[in-house]
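The values are calculated or read from the model by the stated rules, or taken from the named source; none is laboratory data. Because the structure is a prediction, the values reported are computed rather than measured. Positions of Cβ are backbone-derived with ideal geometry, glycine not excepted, and every protein chain shown enters the neighbour counts. To get the accessible areas, we keep the full protein, side chains included, count just its heavy atoms, and leave off ligands, DNA and RNA. Shrake-Rupley method; radii C 1.70, N 1.55, O 1.52, S 1.80 Å.
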Amino acid sequence: MALSSSCGSDALLAILSHSRSEACNRVLLRDLANREFNAFLWFSLIAVTAFLLSRVVKLLCLWAKARSIPGPPCPSFYGHCKLISRENFTEVLSDLHKKYGSVVKLWLGPTKLLVSIKDPTLIKEMLLKAADKLPLTGRAFHLPFGRSSLFASPFEKVQKGREALFTELTGKFPERENVVCTKAVDCILERIQNFMAKGSADSKMVSQHMAFTMLGATLFGDEFLAWSKATVYEELFMMIAKDTCLWSSYNVTPFWKRGFWKYQSLCTKLKCLTQDIIQQCKKNYMLFGHMAHNLHGETEILGKEIASDGPSCSEVVIVDAVFFQELNGHLNATEEEPCGNLMRIMFHGCLTTARLDNNILASLGMHPQIQDKIYSEVTMARNGSINKDQLNVDKMLLLLATVYESARLVSAGSLLQRCSLKHDLNLKSGVTIPAGAGLVVPIQLVQMDDCSWGSDANEFNPYRFLSKPGKGSDIMLTKSISGAAENIVNPGQSSFSLNDPNANTAFLPFGYGSRACIGEKFVLNGVATLFASLLEHYEIKLQGAAEDNPKPNNCVFEHLSSSQMVFVKRNS
């Protein structure tokens, strides 16, 4: 009995001891957890404090470096955002440059610094050193086109794709005398004839169709010209271009707005149509199975044969199909949506080329004497050409000068934007621009500056790009493009020469530096080819008044002036 009682006591003591041990362990664990949690809180506090201090130091450095840049003082904590939203930004910058000089700063917020540069020499220096774009640049195009390796920031992400596209544009098409194939030109002329069946044509619609057909035939080949959905594709592009600025202005995607879902539906249709034309190109490409091996080498051989013998329709299809195949393979990375780059090239190319075409149409309509001289150039080039089916625009100096002058007067946009994300920019003028600051060039102010272009900088004057050897400077007409100055310059004379537009540091319609438009030569030659054929068959006349030199808005997508044109068939 006593033994049993003793055993029970020992068991009870053991249980109590175990309970006390477990309680002690729980206390230790709780204490350890509290210590670890406190350590985590302290670590988080230190990390957040260090992060905030680094941002404060960075902000103070930004303010300190920006103090040396001239500009107006901030009216409030939000800077000059309200001023910019109320007024035309180009006019605001014009007034500021007159007051503060060639380099002006604007604060768009406590951390958002914008620097505008007007001096052409400083502009080219800046464009050579700054190759990045602001991180949010291009966000407006993610929905309709997907991610892209051509328009992203920083520059390292776009360099490879731009080099591939430049190689394709300069390596394939210069092998032909005509940048734009004859079939594309015929398609455009047929469309103009359809417009004229109604009595007159809208210059906006004509220029859009010219740009769309030229670029579509370039990217997708002759199959694009025979594509039954090309008209719908063009209309979708223009509708999306009109709404892109609106929906990109929201900081948060406006899912609650009905119009946004309609816009998203249009973007989806655009992608489906792009896939459709790509499938058409692939089917066409498969018809030429003998080209499946050694694409690059055989394409060069075929290009030389075409350049010497003249392109037939089937040969042009082969070359364009190979161009599309290689370009698509170079640009579409795995992390990007299919065909995003091709859609963006088509989109931006159409908008900028349409603006150029539209201004040329209006300018030629207002200056019939220029038309007559260009027509004489075209006739002379046609009569002197061995191959009567081709036109060599290199000999049409006044036509090329007209294209240059139109590009000068109406550029792709009102602002040229750059950024240096990693390094400060030290300009030769002594100004230091902090890293991360937005850099803009007011293109309209630079390309219409009297100091760079003369007293007639706001007037259409293609003769400014023409001169005689030995004159030492461009010939500029101060009041009129007819009269005494025309007696000095005669495009029919062999001594007449075309000045390099890029020799003038203020000529920036295609940008400059690492981010310059890689299709500049292609666009200029292509547009010249189109207008050579157009003026050979039609005389352009304006129906009613037109705006001589329209001023672009801040957004390129919203502005394309419209004039009623009449295309009078020439007597062959």
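With a Förster radius of 51 Å applied to the C-beta separation of Arg570 and Lys257, the computed FRET efficiency comes to 0.50.
Taken one residue at a time, the phi angles of region 525-535 give Karplus couplings (6.51, -1.76, 1.60, θ = phi - 60°) of 5, x, 5, 4, 4, 4, 6, 4, 5, 5, 6 Hz. Gly and Pro are set to x. Beyond 30 Å in Cα-Cα separation lie the following of the pairs Lys129/Lys257; Lys521/Lys541; Lys58/Lys157; Lys99/Lys133: Lys129/Lys257.
Rounded to the nearest whole Hz, the Karplus-based 3J(HN,Hα) values (6.51 cos²θ - 1.76 cosθ + 1.60, θ = phi - 60°) of region 189-205 follow the sequence 5, 5, 5, 5, 5, 5, 4, 6, 5, 8, x, 7, 10, 7, 4, 5, 5, with x at glycine and proline. The order of the peptides 366-379, 64-77 by mean Cβ neighbours within 10 Å, most packed first, is 366-379, 64-77.
List the residues, sorted by chain then number, that are 5 or more residues from Asn499 or on another chain and whose placed amide H is less than 5 Å from its amide H. Residues meeting the amide H criterion: Leu466, Ser467.
Legend: residues Val566, Val48, sorted from most to least accessible area (1.4 Å probe; ligands, DNA and RNA excluded), read Val48, Val566. So how much accessible area does Lys58 have, in Å² to the nearest 10, using a 1.4 Å probe? Accessible area of Lys58: about 140 Å².
Computed from phi, the 3J(HN,Hα) profile of region 97-102 under the Karplus parametrisation 6.51, -1.76, 1.60 (θ = phi - 60°) reads 5, 5, 8, 10, x, 6 Hz, with x in place of Gly and Pro.
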